[in-house]
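K.L.:
Provided herewith is a single structure, encoded as structure tokens, for subsequent inquiry.
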2 protein chains.
Amino acid sequence: MSTATNLSRAAGDAAVSDTEVRIRTAAIVLFAERGYAATGIRDIAGAAGITTAAIYHHFANKEELLVDIIRVGQQALNERTARSLEGVERPEQRLALLISGLVATHGINRMSALVGDTELRALTPDAPAYRELVQLRDDYEALWSRTLRDGASEGVFEFAAERSTRLGLLTMCTGISRWYRPGGELDLASLCAHFTDLGLAAVRARRGRRPVRAAAVTLVDPATVPRIPGEPEEEAA
Amino acid sequence: MSTATNLSRAAGDAAVSDTEVRIRTAAIVLFAERGYAATGIRDIAGAAGITTAAIYHHFANKEELLVDIIRVGQQALNERTARSLEGVERPEQRLALLISGLVATHGINRMSALVGDTELRALTPDAPAYRELVQLRDDYEALWSRTLRDGASEGVFEFAAERSTRLGLLTMCTGISRWYRPGGELDLASLCAHFTDLGLAAVRARRGRRPVRAAAVTLVDPATVPRIPGEPEEEAA
DNA sequence: GTCTATACCTTGATAGAC
DNA sequence: GTCTATCAAGGTATAGAC
């Protein structure tokens with residue numbers, strides 16, 4: 001559990017108090033393990049070492065706690081990804097950054113990413129927060145769409161249908177938050193490379209006659225991906 | 001909603017009453033949309049057009065209802081898959097049957113498959129039912145393991161790590177239950193072919209110098225996959 | 001086999017003292 | 001900023017009539 005101070009929010013400079021980080025950690029861990037609906041406000045308070053009433057000093061209610069966790073993670077991913085793609089035009093290089101960046105994020109921020117990928121359905125669909133989060137996710141996926149379409153029209157990629165290819169690759173990457181643990185078969189940087197290679201192969205990426213492999217492109221280094229406030233550091237198994 | 005009688009359980013011959021099918025349908029739809037924990041027994045009763053007390057005549061409790069839905073679907077998948085692989089030795093043909101069979105099942109039994117893929121965590125981990133379901137899932141995944149390892153050792157497949165390759169491909173296939181709907185970009189048979197092609201490409205399947213494509217192998221026809229009792233028929237969008 | 005009625009527990013959230 | 005104490009609502013499950 002982190003005891004660092006002066007952590008900053010992804011979208012601003014507001015400091016996050018130590019108690020607030022402990023609440024976030026408790027919520028992230030429990031939402032990831034049992035799901036939002038199966039987690040009680042008392043479970044969160046107990047894991048954070050405070051009472052339920054204290055939670056309401058930091059967050060308006062349980063739903064806002066969930067929204068905050070998802071938003072911080074999604075905004076961080078969107079900003080890092082947009083920055084990594086700046087000035088990069090070749091579709092195979094863009095796809096490699098998209099895949100390795102997504103895998104890196106789901107390895108570093110494993111639990112909060114899992115919550116973001118599975119608990120949108122817990123939010124009231126007409127709440128403004130829901131719209132905002134769906135918009136952020138759509139903005140992110142648009143980067144994938146554009147890359148896949150460009151690659152296909154340039155003859156660098158070859159696949160039958162953009163939407164199902166995109167969703168298949170996205171699901172494959174986000175799915176690692178359900179089974180990856182530090183200290184397993186592969187370290188995270190190797191996993192980024194491996195999945196990039198699988199993805200490039202899946203769309204049959206090539207330059208001229210030569211298939212493009214992960215070793216020939218630049219990847220996102222997971223060591224450069226920061227943990228969001230509250231995301232626990234997992235021990236190697 | 002199906003009104004057929006004489007439906008049979010996957011693992012036996014016991015008839016399923018009309019009311020029981022309506023309960024199953026209500027539970028499958030609500031568990032898939034909101035999750036098990038967020039679904040109340042009153043919600044299920046209301047959707048099935050009965051009272052909560054009547055549910056307890058057909059199922060011992062809410063957990064048993066979930067277990068039953070997951071078990072029937074997993075057993076059906078395991079049996080169909082084992083049958084389709086009988087006598088098939090070539091790894092690329094086995095992988096094609098595994099992928100197309102899994103995609104077909106997740107298209108036909110979309111909602112119950114989604115429940116099976118996401119709600120195991122709702123069960124008490126030391127309950128016998130939990131152990132049984134995990135065992136069934138492990139039996140299924142062992143078919144994938146064996147196929148991938150055989151293909152790699154025969155030089156037909158090429159990938160960096162068996163476990164992450166297997167989990168990546170599995171997640172890609174099971175993920176379609178989160179976004180596929182009848183009447184979309186591709187019909188289900190085309191989706192089976194497309195994902196088989198993505199999977200064969202991802203492991204760089206080849207015979208001699210030639211890449212193996214989905215068009216060169218036999219696939220599972222989704223029209224041969226039966227709906228489990230209670231799985232709703234979805235309208236084309 | 002389904003109903004009405006209800007028991008009993010846990011839930012998210014709040015009031016007000018310190 | 002955190003606590004104790006508490007509330008109203010909703011949760012699962014059951015008893016017993018028909």
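The values are calculated or read from the model by the stated rules, or taken from the named source; none is laboratory data. Here the structure is a predicted model, which is why all the values come from computation and not from measurement. All Cβ positions, even for glycine, are placed from backbone atoms using ideal geometry, and neighbour counts span all protein chains on display.
K.L.:
Restricting the range B:69-90 to residues that are out of contact with any helix residue (DSSP H, G or I) (no Cβ under 7 Å at 6 or more places or on another chain) and in contact (Cβ under 8 Å) with a residue 24 or more places away in the chain, which is nearest to DNA strand C (Cβ to nearest atom)? Lay out the reasoning, then the answer.
P.N.:
Initial filter on the range B:69-90 (out of contact with any helix residue (DSSP H, G or I) (no Cβ under 7 Å at 6 or more places or on another chain)): B:72, B:76, B:79, B:82-83, B:86-87, B:89-90.
When the remaining residues are screened for being in contact (Cβ under 8 Å) with a residue 24 or more places away in the chain, the result is B:72, B:76, B:79, B:82, B:90.
On the way: B:VAL72: 19, B:ALA76: 24, B:GLU79: 27, B:ALA82: 33, B:ARG90: 49 Å.
Step by step, filter the range B:69-90, then rank; the result is B:VAL72.
K.L.:
Test B:ARG83 against the stated conditions and say whether it is surrounded by fewer than 19 Cβ atoms within 10 Å (Cβ to Cβ), within 25 Å of A:LEU114 (Cβ to Cβ) and of a type outside the set (Val, Ile, Thr). Even if it seems obvious, please write down each step before you answer.
P.N.:
Values: surrounded by fewer than 19 Cβ atoms within 10 Å (Cβ to Cβ): yes; within 25 Å of A:LEU114 (Cβ to Cβ): no; of a type outside the set (Val, Ile, Thr): yes.
Answer is no for this residue.
Rundown of residues vs (1) away from DNA strand D (no atom under 16 Å from the Cβ); (2) over 29 Å from A:PHE195 (Cβ atoms); (3) part of a helix (DSSP H, G or I), yes/no style:
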| site | (1), (2), (3) |
| --- | --- |
| A:ALA45 | no, yes, yes |
| A:ALA60 | no, yes, no |
| A:LEU66 | yes, no, yes |
| A:ILE70 | yes, no, yes |
| A:GLY73 | yes, no, yes |
| A:ALA76 | yes, no, yes |
| A:THR81 | yes, no, yes |
| A:SER84 | yes, no, yes |
| A:GLY101 | yes, no, yes |
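K.L.:
I'd like to know if the range A:10-17 contains one or more residues that are at pLDDT 90 or above, touching a Phe, Trp or Tyr at 6+ places or on another chain (Cβ under 9 Å) and either of a type in the set (S, T, N, Q) or assigned to a helix (DSSP H, G or I) (or both).
P.N.:
no
K.L.:
Only one of (1) within 28 Å of B:SER164 (Cα to Cα); (2) within 13 Å of chain B (Cβ to nearest Cβ); (3) crowded, with 22+ Cβ neighbours inside 10 Å fails for A:ASN109. Which number is that?
P.N.:
(2)
K.L.:
Hey, another quick one. Checking the condition modelled with pLDDT of 95 or more, closer than 24 Å to B:THR174 by Cβ and assigned to a loop (DSSP other than H, G, I, E, B), which residue from A:ARG204, A:ARG137, A:ARG166 passes? Show your work before the answer.
P.N.:
Numbers: A:ARG137 fails: assigned to a loop (DSSP other than H, G, I, E, B); A:ARG166 fails: assigned to a loop (DSSP other than H, G, I, E, B).
Going through A:ARG204, A:ARG137, A:ARG166 in turn, the sole match is A:ARG204.
K.L.:
So, one more: Restricting attention to the range B:130-153, does a residue exist that is surrounded by fewer than 23 Cβ atoms within 10 Å (Cβ to Cβ), within 16 Å of DNA strand C (Cβ to nearest atom), within 14 Å of chain A (Cβ to nearest Cβ) and basic (Lys, Arg)?
P.N.:
no
K.L.:
Then there is this: Working carefully through the options B:ALA60, B:ALA54, find the one that is over 22 Å from B:LEU114 (Cβ atoms), within 12 Å of DNA strand C (Cβ to nearest atom), over 24 Å from the mean Cα position of the chain (by Cα) and surrounded by fewer than 20 Cβ atoms within 10 Å (Cβ to Cβ). Give the derivation first.
P.N.:
On the way: B:ALA60 fails: within 12 Å of DNA strand C (Cβ to nearest atom).
Selected residue: B:ALA54, the only one of B:ALA60, B:ALA54 that is over 22 Å from B:LEU114 (Cβ atoms), within 12 Å of DNA strand C (Cβ to nearest atom), over 24 Å from the mean Cα position of the chain (by Cα) and surrounded by fewer than 20 Cβ atoms within 10 Å (Cβ to Cβ).
K.L.:
Please enumerate the residues belonging to the range B:185-232 that are among the hydroxyl-bearing types (Ser, Thr, Tyr) and within 14 Å of another protein chain (Cβ to nearest Cβ). Let's see the steps before the verdict.
P.N.:
Just the residues of the range B:185-232 that are among the hydroxyl-bearing types (Ser, Thr, Tyr), to begin with: B:190, B:196, B:218, B:224.
Of everything in the range B:185-232, those that are among the hydroxyl-bearing types (Ser, Thr, Tyr) and within 14 Å of another protein chain (Cβ to nearest Cβ) turn out to be B:SER190, B:THR196.
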